[in-house]
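Remarks on the structure that follows.
Laboratory data are not the source of any read-out in this text; all were calculated from the coordinates shown. Remember, it's a predicted structure, so these values are computed and weren't measured experimentally. Cβ placement follows ideal geometry from the backbone for every residue including glycine, while neighbour counts extend to all protein chains displayed.
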Amino acid sequence: MSVQHIIKHLNKLIELHDSLLHLSEHKTELLKSNKMEELQKLLVTEQKHVQAINQIEKRRIDAVAEWAVAHQLEPAAVHVTAIIEHYTTGADQEQLQEVTLQLAERLVALRRQEELNKQLTKQSLQFVQLTLDMIQPSIRNINYGQSKQAQAQTSKRSVFDSKA
């Protein structure tokens with residue numbers, strides 16, 4: 001078995017991560033413009049992308065394990081980096097190294113974009129909390145009855161002290 005099967009799965013992962021990165025950038029714009037309905041739809045699409053990535057990742061892991069078994073190696077000990085460094089040469093090694101590097105770059109870009117989205121979401125929540133705090137009075141300011149001073153003055157008066 002050649003590494004082309006592994007490379008095929010890595011290329012598919014790159015495509016899916018590119019698409020996910022595009023969705024994440026779009027999510028940033030939706031967060032900035034406060035379009036919550038569109039954001040909810042985008043989150044559903046994003047979840048589908050994540051599920052697809054998980055499926056392809058499982059296939060990639062299986063392909064690496066199959067490659068290891070075909071080369072009489074321990075599947076648990078073999079990973080793509082080990083294949084690049086120790087078990088391939090020439091064009092296969094270069095191609096595998098290139099797609100692995102591309103995938104790593106996509107992951108770093110996606111992580112940066114999601115960190116930005118996290119910060120935007122956090123700031124939005126802080127703004128909402130601040131707005132709610134300003135709108136809602138604090139418990140100390142709510143007086144449903146008379147204050148203690150007013151009660152004290154009222155209790156000192158008797159019915160006969162009132163002017164007729």
Checklist outcome for this item: Picked from region 44-72 (must be more than 23 Å from H17 (Cβ to Cβ) and out of contact with any helix residue (DSSP H, G or I) (no Cβ under 8 Å at 6 or more places or on another chain)), the residue surrounded by the fewest Cβ atoms within 10 Å (Cβ to Cβ) is Q72
Item to check | Whichever residue in region 14-56 is under 21 Å from T100 (Cβ atoms) and charged (D, E, K, R) and, among such residues, is nearest to the chain's Cα centre (by Cα) | outcome: D18
Item to check | Hits in region 105-130 - residues which are exposed (fewer than 11 other Cβ atoms within 10 Å of the Cβ) and of a type in the set (A, V, I, L, M, F, W, C) | outcome: V108, L125, F127, V128, L130
Checklist entry - Here are L116, L130, L73: which of them is part of a loop (DSSP other than H, G, I, E, B) and farther than 19 Å from L13 by Cα? => result L73
Checklist entry - What are the residue pairs meeting all of these: first residue in region 34-54, first residue closer than 17 Å to T121 by Cβ, second residue of a type in the set (S, T, N, Q), Cβ atoms under 9 Å, and 6 or more apart or on different chains? => result N34/S124; E46/S24
Checklist entry - Tell me, which residue of region 76-92 that is surrounded by 16 or more Cβ atoms within 10 Å (Cβ to Cβ) and assigned to a helix (DSSP H, G or I) is nearest to the chain's Cα centre (by Cα)? => result V80
